[in-house]
Amino acid sequence: MADSSSTPDVQQKVLRHTLADRLYHWLMALCVFVLLGTAFLPILGIKFEWVDIHWMTGVVLAALVLVHIVRALFFQDWRSMVIDGADIRDMARGVVPGAETGKPGKYNGLQKLFHLGVAIFVLGIIVSGLLMLLKIDTPFWRRNPYWFGNDTWGYIYAVHGLFAMAMVTMIVIHIYFALRPDEWHLTRSMLRGWITRKEYQEHHDQSRWKI
């Protein structure tokens, strides 16, 4: 029996995102959209019982992010998402018309910068949101709004709201680039998991992203 790994179809595909990574991405996206909807729709006048949906979705998001952090640190190459000197050089050259930039590894500098921004905003939302759970009754604890003074609660609410608004901007940016024709191979990889070998060779430095 012939080895299936030697078939042309398999040779033409390069795995970019595992099923676990794709599930995390789409579950996180679902949680973020639910959280934004339950946060902003009532402000726009659409009234419904949103508090329980909001805090339970927030807890699910916190659990997803915790699992992602553990996987990234211990089971994946977290260094592939760290901005390095080559990324900074290419981003600087990218703002100069006609300047030549090198090929990135698995992720380019702007993608890494975007990931860093999302990480900061999501972690800020989660931490502030978990603290805000102290002010509501849940099946697991009774509310205790006296943990912090009024000034501290004001800072917590300000961080939560500011970072939530920032996430709206990040989502718009993410969707815009996902729909660009020159980025479609990356969008497809988040749906199916792979890019073609030709796309890998055209868009990536093989010494920086070894498959």
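The values are calculated or read from the model by the stated rules, or taken from the named source; none is laboratory data. Computed from a prediction, not measured in an experiment: that's the story for all the values here. Backbone-built Cβ (ideal geometry, glycine too); neighbour counts: all protein chains shown. Note: areas computed on protein heavy atoms with side chains; ligands, DNA, RNA excluded. Shrake-Rupley method; radii C 1.70, N 1.55, O 1.52, S 1.80 Å.
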Please state the relative contact order of the chain as a whole percent: Cα pairs under 8 Å, 6+ residues apart? 30
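What fraction, in whole percent, of alpha-carbon pairs in the stretch 141-180 exceed 13 Å separation? Before the final figure, lay out the partial values.
Numbers: 505 of 780 pairs.
Within the stretch 141-180, distances greater than 13 Å cover 65 percent of Cα pairs.
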Rounded to the nearest 10 degrees, the helix 19-40 long axis (Cα) sits at an angle to the longest Cα principal axis of the chain of 40
If ligands, DNA and RNA are left out, what is the accessible area of Phe121 with a 1.4 Å probe, given in Å² to the nearest 10? 50
Pull out a ≥ b ≥ c, the square roots of the eigenvalues of the alpha-carbon gyration tensor of the stretch 93-211, then state rounded if a/c is under 1.5, prolate if not and a/b is larger than b/c, and oblate in the remaining case. prolate
With the charge dipole of the stretch 149-211 built from beta-carbon charges (+1 for Lys and Arg, -1 for Asp and Glu) about the Cα centre, the Cα from Trp184, Gly161, Thr196 projecting farthest to the positive end belongs to Thr196
Only helical DSSP H runs with n ≥ 4 go in: add -39500 (n - 2.57) per run for the chain, normalise by residue count and round the 222 nm mean residue ellipticity to 500 deg cm²/dmol. -20500 deg cm²/dmol
Report, to the nearest 10°, how far helix 109-132 tilts away from the longest principal axis of the Cα atoms in the chain, using its own Cα long axis and a range of 0 to 90°. 20
Which of Pro97, Pro42, Pro145 ends up with the largest GNM mean-square fluctuation for the chain, with Cα atoms connected below 10 Å? Pro97
Would you tell me the accessible area of Met132, worked out with a 1.4 angstrom probe on the heavy atoms of the protein chains, in Å² to the nearest 10? 40
Using θ = phi - 60° and Karplus 6.51 cos²θ - 1.76 cosθ + 1.60, couplings along the stretch 92-103 (whole Hz; Gly, Pro as x): 5, 5, x, 8, 9, x, x, 6, 8, 10, x, 7
For the stretch 55-110, what is the Kirkwood estimate of the hydrodynamic radius, computed as the reciprocal of the mean inverse distance between distinct Cα atoms, to one decimal in Å? 13.7
Phi-derived 3J(HN,Hα) across the stretch 148-163 with the Karplus relation (6.51, -1.76, 1.60, θ = phi - 60°), rounded Hz, x for Gly and Pro, is 10, x, 4, 5, 5, 4, x, 5, 4, 5, 5, 4, 4, x, 5, 5
Accessible area (Å², 1.4 Å probe, nearest 10) - Lys112: 10
Give the angle, between 0 and 90 degrees and rounded to the nearest 10, that separates the Cα long axis of helix 51-74 from the longest principal axis of the Cα atoms of the chain. 40
Using alpha carbon centers only, the stretch 163-194 is separated from the stretch 12-46 by a whole-angstrom value of 11
5 angstrom amide H check on Thr196, placed H, neighbours 5+ away: Val14
Solvent-accessible ranking of Val172, Val65, Val82, largest area first, probe 1.4 Å: Val172, Val82, Val65
Please get the size of the charge dipole for the chain, origin at its Cα centre, with Cβ charges of +1 on Lys and Arg and -1 on Asp and Glu, quoted in debye to the nearest 20. 160
